[in-house]
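FYI, it's all coordinate maths here, none of it is from the lab. Since the model is a prediction, treat every value here as computed from it, not as a measurement. Ideal geometry is used to build each Cβ from the backbone, glycine not excepted, and the neighbour counts take in all protein chains shown.
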């Protein structure tokens, strides 16, 4: 059985992910936000006040990595932590005004990167690719 790395679905997905992350990193650089930090900010734009554990689960990062990302976002004054009223051992993460305002700038930039990446690909094909990738993900759960 022949196996060619360049023809491997995993390799192609990984290579594409790396290219997308690098382009986001480049585009977000003036705003001092990394793609990993962007993912956390994005989840907080969807639902402010999540716990670090919830953010970890929703961004598919382990808890120690999420904690490091949150520390950096706090140093940049984009988020703050407050004790969780429901569980004193935990905390909730909230966006600062500065963190909220970045949404207006970063979402159009991210959309521009995706538009560039999908240039010449019909909307129906993009929907199909997303469905197929989600199916692959579900198959491996």
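When 20, 63, 25, 5 are screened for being over 17 Å from residue 82 (Cα atoms), surrounded by 14 or more Cβ atoms within 10 Å (Cβ to Cβ), out of contact with any strand residue (DSSP E or B) (no Cβ under 7 Å at 6 or more places or on another chain) and free of Cβ contacts under 8 Å to residues at least 12 places away in the same chain, only 25 passes. Name the single residue, out of those in region 75-92 being closer than 13 Å to residue 37 by Cα and surrounded by 15 or more Cβ atoms within 10 Å (Cβ to Cβ), that is farthest from the chain's Cα centre (by Cα). For region 75-92, the residue satisfying everything is 76. Out of curiosity, is residue 138 surrounded by fewer than 11 Cβ atoms within 10 Å (Cβ to Cβ) and part of a helix (DSSP H, G or I)? Judged against the criteria, residue 138 is a match.
The lone criterion from (1) surrounded by fewer than 18 Cβ atoms within 10 Å (Cβ to Cβ); (2) touching a residue at least 40 places away in the same chain (Cβ under 8 Å); (3) under 12 Å from the mean Cα position of the chain (by Cα) left unmet by residue 32 is number (3).
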